[in-house]
Amino acid sequence: MTSANDIRKAFLDYFARHGHEPVASSPLVPRNDPTLMFTNAGMVQFKNVFTGQEARPYSRAATSQKCVRAGGKHNDLDNVGYTARHHTFFEMLGNFSFGDYFKDVAIELAWNLVTKEFALPSERLLVTVYSEDDEAFALWRKIAGLPEQRIIRIPTSDNFWSMGETGPCGPCSEIFYDHGEGIPGGPPGSPDEDGDRFIEIWNLVFMQYEQVSAGERIDLPRPSIDTGMGLERIAAVLQGKHDNYDIDLMRRLILASAEATGVHADGPQAVSHRVIADHLRASAFLIADGVLPSNEGRGYVLRRIMRRGMRHAHMLGAREPLLHRLVPELVAEMGAAFPELSRAQALIGETLKLEEARFKDTLGRGLKLLEEETERLQGAEALPGEVAFKLYDTYGFPLDLTQDILRGQDRKVDVAGYDAAMAQQRAQAKKSWAGSGEAATDTLWLDLRERLGATEFLGYDTEVAEGVV
Ligand code: ATP
Ligand code: MG
Ligand code: MG
Ligand code: MG
């Protein structure tokens, strides 16, 4: 079996052989973009290179980029535990051309990698192009020899990428793998495309225009390429699995969770193990990149991810902090590829343990309160906003945790009521000049970081070259 670690290496080696500079992943907290919550794609560290504001000593690069999609424009938090293909933290393999090669070479490189190096059967592959992109359509016909019915024209923004309101943009083309008839889901562009039969493995973006203003789009003098392939998704295909959570890397974490809790990995509580494995990775990598649990901003997203994971640990019957016990397994699996993970191991373990210990009591009591309150509700009635607010304010339940718990019962939260309760409390707190709840970033975490050593975070102020190997 080809391990995820081997696949990452095979990808980077292949592109190095084709003249690409292997570049290290940039941190999950973007250095060059305060508007972005987390790095969510390979191109983020190259934004200024694409726009021409920054020059690099190479015009072709390849990366395996750490990504988190748990907030902002891309949020896959609610997909975890429900689809076979989404994580909050994942690695995006990518090759980039900065004004060097364009569509034809990009398609050829991608097609050769998947069908020759990775030896995927071409009958299982299909691709999409942007409706108006006749050039890409013709190239897929010519280079891959794909029949017309397996090159699907998509008219929506799914196949037109842009950096923002203005800036570089262009059509994209996605490669899908057909996992077979037994699995529900239709091909891209069909009404049930969100199923998990046809899984998107690779997205090729052809940056060929610049949006100058709302009404004006010009051709870029030197078009560029940006691609992204999910490491876990291609690993699933290459390991003969349908589900990302069945690949070696995820399986190792799931088995560690099963072992630590004594609950069978594939029994009725399999979903809890999967969520724990996913949230453990996201939490550990965020902490390694300098994010600390807090009540606002990035730290609050981390806290939300951690607390969702802890709820699942609780469901598995863990009465002592669990997640921190899985950290050594994660470091053993991924520490060689990401040394920052090994460096921060002690900090990750302690942060998880402390946060879990602090949340444990209120988690149990809050769950009990929630159970009592939902028992009183009729049919599909929503949970009153004041209850959700009390869970937040007194028991430390982020709103999305409450929503996630109730999703299993097909029940919603009265969010307007929750917002009103929040606004009322804020107004009162202002009146009495009293702060309420936990401090934004507890000094506890800062002390911990002081004691356990530096993370990537401390490097932000220094003017080091960005992530180049
Ligand atoms: P999907 O439609 O399946 O949600 P996407 O179109 O949002 O994927 P892109 O933004 O095109 O994904 O990202 C490039 C690649 O990264 C995808 O082709 C996929 O292989 C991978 N990827 C995207 N989101 C995730 C995720 N949440 N977990 C794992 N891999 C992902
Ligand atoms: Mg998506
Ligand atoms: Mg997609
Ligand atoms: Mg895509």
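What follows is calculated from the coordinates using simple rules that are stated; it is not laboratory data. Remember, predicted model here, so these are calculated numbers, not experimental data. FYI the Cβ positions are ideal-geometry reconstructions off the backbone, even for glycines, and counts take in every protein chain you see.
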Assigned charges on the beta-carbon of Lys, Arg, Asp, Glu; region 117-181 dipole about Cα centre (debye):
160 debye
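When Ile143, Ile7, Ile287 are ordered from fewest to most other Cβ atoms inside 10 Å of their Cβ, what list results?
Ordered from fewest to most neighbouring Cβ atoms within 10 Å, Ile143, Ile7, Ile287 come out as Ile143, Ile7, Ile287.
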Give me the distance in nm between label points sitting 7 Å out from Cα along the Cα-to-Cβ direction at Glu165 and Met1, one decimal.
4.9 nm
If I require 15 Å or longer along the helix axis, counting alpha carbons, and a Kyte-Doolittle average no lower than 0.5, what helices from the chain are left? Use full DSSP H segments.
270-288
Based on the alpha-carbon gyration tensor of the chain and its eigenvalue square roots a ≥ b ≥ c, which shape applies: rounded if a/c is under 1.5, prolate if not and a/b is larger than b/c, or oblate?
prolate
About the Cα centre, charge dipole magnitude for region 330-378 (Lys/Arg +1, Asp/Glu -1 at Cβ), debye
140 debye
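When the expected Rg is taken as 2.2 N^0.38 Å, what fraction or multiple of it is the alpha-carbon Rg of region 115-159?
For region 115-159, the normalised Cα radius of gyration is 1.19.
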Between Gln378 and Arg365, the two model label points (7 Å from Cα along the beta-carbon direction) sit apart by a distance in nm of 3.2 nm
Could you work out the helix-only [θ] at 222 nm for the chain, with each DSSP H run of four or more residues adding -39,500 (n - 2.57) and the total divided by the number of residues, to the nearest 500 deg cm²/dmol?
-12500 deg cm²/dmol
Cα-based shape type of region 1-157, given that a ≥ b ≥ c are square roots of the gyration tensor eigenvalues and the cut on a/c is 1.5
rounded
Can you compute the modelled spin-label distance between Gln409 and Glu54, with each label point 7 Å from Cα toward Cβ, in nm?
4.9 nm
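Rounded, prolate or oblate: which fits region 343-413 when a ≥ b ≥ c are the square roots of the eigenvalues of the alpha-carbon gyration tensor, with rounded for a/c under 1.5 and prolate only if a/b beats b/c?
Here region 343-413 falls in the prolate category.
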Using 5 Å bins from zero, what percent of all Cα-Cα pairs in region 135-287 falls into each bin?
2, 8, 13, 14, 15, 14, 12, 9, 7, 4, 2, 1, 0
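Quick check on the exposure proxy: order Val205, Val212 from fewest to most C-beta atoms within 10 angstrom. Mind dumping the intermediate values first?
Working: Val205 28, Val212 11.
Fewest-to-most ranking of Val205, Val212: Val212, Val205.
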With Cβ to Cβ distances under 12 Å as the rule, what net charge do the other residues near Tyr418 carry (K, R +1; D, E -1)?
-3
Fewest-first sequence of Glu165, Glu91, Glu340 by Cβ atoms within 10 Å of each Cβ
Glu165, Glu340, Glu91
Convert each backbone phi in region 85-99 into a coupling constant with the Karplus relation 6.51 cos²θ - 1.76 cosθ + 1.60 (shift: θ = phi - 60°), then list the ³J(HN,Hα) values in order as whole Hz, x for Gly and Pro.
10, 10, 10, 7, 10, 8, 9, 10, 7, x, 10, 10, 10, 9, x
Given +1 on the Cβ of Lys and Arg, -1 on the Cβ of Asp and Glu, and no further charges, what dipole in debye does the chain carry about its Cα centre, rounded to the nearest 20?
860 debye
